[in-house]
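A.B. asks: What follows is a structure written as structure tokens; I'll ask about it next.
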């Protein structure tokens with residue numbers, strides 16, 4: 001197995017496990033997290049509570065599983081916004097060129113000029129805290145990322161013979177883009193999506209940590225960290241577990257992205273085949 | 001050889017020690033004359049006579065503004081701008097002898113005209129005073145001489161002198177009253193320094209104060225809303241203390257640190273699940289009783305406040321002599337609660353909203369309450385609000401189902417008799433009782449009436465009664481003179497000093 005394979009497999013396994021636990025939490029968690037049992041608060045690990053309980057006596061493992069759901073949902077929709085708006089914009093810019101290209105790319109530069117997380121804080125501060133606004137804030141900053149990747153890749157393909165052949169055969173620009181360009185840049189987009197996805201999870205955690213993301217009673221890893229802050233001295237596990245969950249998930253997604261890139265890169269593919 | 005080297009080392013160590021000793025004995029030995037206290041909430045403005053926010057009183061009352069009387073640290077009433085007073089036989093006329101030689105911070109003299117102005121301003125049609133109803137009990141204010149004022153009441157008011165000793169009844173000057181929100185001018189031992197919005201309010205010692213000059217030259221109230229930031233600020237020494245520290249879970253850590261003193265006292269804060277009695281289905285007594293039966297007070301005190309707080313069963317402070325323990329009126333009993341829900345025709349439960357202002361007790365208490373009420377079929381949507389939004393929507397707009405808030409004014413059970421209050425509670429019996437209470441000044445008889453009132457509202461389950469907020473203070477162990485309890489909304493700095 002090559003290095004690319006290894007990181008792909010490890011990344012896929014980690015990401016898969018996180019996604020699986022989030023999916024399972026939709027129908028089952030070890031304990032219900034909306035029924036509090038204060039009498040059982042801040043317990044250590046036990047058979048009943050594998051990771052112990054939080055300050056309200058909720059099962060930490062169940063909290064992490066439900067938290068994964070929030071993180072994944074926010075990151076997924078944010079990537080969806082970025083892809084949904086950024087991709088058509090990028091392709092359009094590449095095909096039409098001229099003023100439209102200039103406008104799209106300068107707009108991208110403008111958005112890029114602001115540090116993404118800072119702007120997300122700005123947006124949520126203006127529109128009010130909440131998971132929905134967090135999704136929007138993160139999603140908006142995914143738009144130029146995808147627009148730029150799509151445009152760059154599409155331009156690189158534009159002078160290929162098979163595209164010319166397709167045009168000569170009478171296909172319109174729309175069909176050429178859909179049937180020939182899109183499939184050829186798909187792998188790049190998938191890799192970019194996996195990277196943006198991990199950034200989205202980080203951004204959601206960051207926003208929730210400063211109190212601008214998920215609001216009670218919605219559980220998220222960032223919110224768990226936020227609530228654990230004042231209890232660090234006597235219950236460090238409250239911060240440790242969500243922190244580890246974020247780190248592991250982000251590493252998993254990055255390995256997955258790296259592996260995907262290496263596996264789909266034609267030059268590498270030729271060498272390792 | 002070894003010995004030789006040893007002696008050298010010892011000499012070096014000694015030299016080092018003496019340097020340390022010198023540094024220690026160095027410059028900072030003059031007693032500190034400034035203090036920085038952390039507060040969780042920034043006051044919306046600085047005029048205590050024009051707003052209900054406790055954050056205003058906690059900065060300016062007693063320190064900057066004074067009244068005729070003042071509620072002291074033990075809850076007793078002491079004379080301040082009034083030197084003495086006499087009360088007529090029928091309890092309707094108060095004649096105040098005013099202190100001579102008192103000056104406002106702008107240099108103008110304090111006299112009977114200012115008293116007349118201030119009291120009449122409180123009851124005026126356009127009064128913005130949070131206690132306007134109290135001022136409306138005043139029939140007339142008559143200036144007898146520059147140092148004597150006669151106040152006539154419509155009917156005897158039992159706790160009139162206590163009321164005059166709260167932040168709502170401070171004396172302001174006609175020339176400066178309009179500007180007090182941004183640039184307060186009072187007669188207190190501190191004058192206004194500056195207000196850096198979002199950051200801090202500075203007060204400085206008033207050079208021409210009429211009473212004992214305060215030991216502090218400067219006092220700063222620093223706004224730190226975030227619990228974790230508050231903790232770091234204490235640990236780093238950026239602030240000298242928090243009269244009320246908002247994260248009770250950190251108190252054991254402070255207590256274990258010899259640099260700090262943790263002082264847990266009482267407040268007048270009845271922390272309650274305020275209920276919109278005019279709104280379906282909360283207008284139904286059975287639903288309110290069901291909610292009362294579903295509440296687990298111990299879980300809320302332990303879970304939200306880490307054990308700091310005393311359970312209450314009515315709207316009254318447990319440390320008050322008239323307190324009646326009503327906590328067993330509706331003990332936690334889920335079966336009974338469900339039965340009551342069924343009797344109300346809501347066996348399948350219902351959905352409602354719970355609006356939560358920023359304090360820890362509300363945000364954390366809200367999560368626990370939502371879990372409690374879910375057990376009897378009430379699905380609560382938690383809506384976190386900032387204070388300004390809360391005041392606008394809930395307190396003024398009465399647009400809410402349920403909310404959690406601490407009512408920190410002393411002996412405020414009379415709010416249940418107010419027509420326009422946000423509980424939307426109407427009970428002629430209680431109104432009659434409160435009217436009788438107002439007309440009674442004998443303490444024993446008053447306590448009797450207070451007891452009856454506690455019983456009525458407890459049985460009516462007007463609101464969910466949770467716990468009496470503790471005053472969880474933490475400050476530098478060398479800082480002396482801050483209040484242990486909070487019988488009135490204030491952070492009195494007049495007796496505060498640094499111990500050497």
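The values are calculated or read from the model by the stated rules, or taken from the named source; none is laboratory data. For clarity, every value in this text was computed on a predicted model and none was experimentally measured. FYI the Cβ positions are ideal-geometry reconstructions off the backbone, even for glycines, and counts take in every protein chain you see.
A.B. asks: Quick one: residue B:303 ticks every box in (1) within 14 Å of chain A (Cβ to nearest Cβ); (2) more than 19 Å from residue B:357 (Cβ to Cβ) bar one, so which box is it?
C.D. replies: That leaves (2) as the condition not met.
A.B. asks: Checking the structure you have, find out if any residue of the stretch A:58-79 is buried (at least 22 other Cβ atoms within 10 Å of the Cβ), in a loop (DSSP other than H, G, I, E, B), at pLDDT 90 or above and within 14 Å of chain B (Cβ to nearest Cβ).
C.D. replies: yes
One line per residue, one yes/no per condition, for (1) away from chain B (no Cβ under 14 Å); (2) under 30 Å from residue A:117 (Cβ atoms); (3) at pLDDT below 90:
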residue	(1), (2), (3)
A:166	yes, no, yes
A:194	yes, yes, no
A:200	yes, yes, no
A:212	no, yes, yes
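A.B. asks: Show the residue pairs that are 6+ apart or on different chains and have beta-carbon atoms under 6 Å apart, the first residue being within the stretch A:114-126 and farther than 11 Å from residue A:212 by Cβ, the second being in a helix (DSSP H, G or I).
C.D. replies: Sorted first by the residue in the stretch A:114-126, then by its partner, the pairs are A:116/A:141.
Conditions (1) at pLDDT below 95; (2) touching a helix residue (DSSP H, G or I) at 6+ places or on another chain (Cβ under 6 Å), marked per residue:
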position: B:403; (1), (2): no, yes
position: B:408; (1), (2): yes, yes
position: B:414; (1), (2): yes, yes
position: B:432; (1), (2): no, no
position: B:437; (1), (2): yes, yes
position: B:441; (1), (2): yes, no
position: B:445; (1), (2): yes, no
position: B:451; (1), (2): no, no
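A.B. asks: Next question. Would you pick out the residues in the stretch B:124-140 that are touching a strand residue (DSSP E or B) at 6+ places or on another chain (Cβ under 8 Å) and surrounded by fewer than 18 Cβ atoms within 10 Å (Cβ to Cβ)?
C.D. replies: Answer for the stretch B:124-140, where residues must be touching a strand residue (DSSP E or B) at 6+ places or on another chain (Cβ under 8 Å) and surrounded by fewer than 18 Cβ atoms within 10 Å (Cβ to Cβ): B:137, B:139, B:140.
A.B. asks: Being surrounded by fewer than 17 Cβ atoms within 10 Å (Cβ to Cβ) and out of contact with any helix residue (DSSP H, G or I) (no Cβ under 7 Å at 6 or more places or on another chain) is the requirement here; does residue B:236 meet it?
C.D. replies: yes
A.B. asks: Just one of (1) touching a residue at least 24 places away in the same chain (Cβ under 8 Å); (2) away from chain A (no Cβ under 14 Å) trips up residue B:280, so point out which.
C.D. replies: Residue B:280 satisfies every listed condition except (1).
A.B. asks: Going through A:11, A:82, A:16, A:44 one at a time, which residue ends up being more than 14 Å from every other protein chain (Cβ to nearest Cβ), closer than 17 Å to residue A:238 by Cα and either in contact (Cβ under 8 Å) with a residue 12 or more places away in the chain or out of contact with any helix residue (DSSP H, G or I) (no Cβ under 6 Å at 6 or more places or on another chain) (or both)?
C.D. replies: A:44
A.B. asks: Same structure again: Of the residues A:104, A:85, which single one is assigned to a helix (DSSP H, G or I), closer than 24 Å to residue A:174 by Cα and at pLDDT below 90?
C.D. replies: Just a single option satisfies the conditions, and that option is A:104.
A.B. asks: Tell me which residues, restricted to the stretch B:33-70, are in a strand (DSSP E or B) and in contact with a strand residue (DSSP E or B) (Cβ under 6 Å, 6 or more places away or on another chain).
C.D. replies: Matches in the stretch B:33-70: B:34, B:35, B:36, B:37, B:38, B:39, B:69, B:70.
A.B. asks: Quick check, is residue B:201 in contact with a strand residue (DSSP E or B) (Cβ under 7 Å, 6 or more places away or on another chain), crowded, with 17+ Cβ neighbours inside 10 Å and more than 24 Å from residue B:78 (Cβ to Cβ)?
C.D. replies: yes
A.B. asks: So, of the residues in the stretch A:47-57 that are over 29 Å from the mean Cα position of the chain (by Cα) and more than 14 Å from chain B (Cβ to nearest Cβ), which turns out to be surrounded by the fewest Cβ atoms within 10 Å (Cβ to Cβ)?
C.D. replies: Applying the filter and picking the extreme gives A:47.
A.B. asks: For the stretch A:92-102, indicate whether the set of residues that are surrounded by 22 or more Cβ atoms within 10 Å (Cβ to Cβ) and under 21 Å from residue A:177 (Cβ atoms) is non-empty.
C.D. replies: Checked the stretch A:92-102: at least one residue is surrounded by 22 or more Cβ atoms within 10 Å (Cβ to Cβ) and under 21 Å from residue A:177 (Cβ atoms).
A.B. asks: Return the residues of the stretch B:196-231 that are part of a loop (DSSP other than H, G, I, E, B), in contact (Cβ under 8 Å) with a residue 12 or more places away in the chain and within 14 Å of chain A (Cβ to nearest Cβ); say none if nothing qualifies.
C.D. replies: Scanning the stretch B:196-231 gives B:198, B:224, B:225.
A.B. asks: Further, regarding this structure: Looking at residue B:294 and the list (1) over 27 Å from residue B:482 (Cα atoms); (2) within 14 Å of another protein chain (Cβ to nearest Cβ); (3) modelled with pLDDT under 95, which single condition is not satisfied?
C.D. replies: Here residue B:294 clears every test but (3).
A.B. asks: Among the residues of the stretch A:224-248, what is the count of those that are within 14 Å of residue A:43 (Cα to Cα) and within 9 Å of another protein chain (Cβ to nearest Cβ)?
C.D. replies: 3
A.B. asks: Here's a check for you: in the stretch A:27-36, which residue that is more than 14 Å from residue A:61 (Cα to Cα) and surrounded by fewer than 18 Cβ atoms within 10 Å (Cβ to Cβ) is farthest from the other protein chains (Cβ to nearest Cβ)?
C.D. replies: Checking each candidate, the answer is A:27.
A.B. asks: Yes or no: residue B:178 closer than 19 Å to residue B:64 by Cβ and out of contact with any strand residue (DSSP E or B) (no Cβ under 6 Å at 6 or more places or on another chain)?
C.D. replies: yes
A.B. asks: Filter the stretch B:361-383 for residues that are within 9 Å of chain A (Cβ to nearest Cβ) and surrounded by 17 or more Cβ atoms within 10 Å (Cβ to Cβ) and give the result.
C.D. replies: B:363, B:364, B:366, B:367, B:368, B:370, B:371, B:372, B:374, B:380, B:382, B:383
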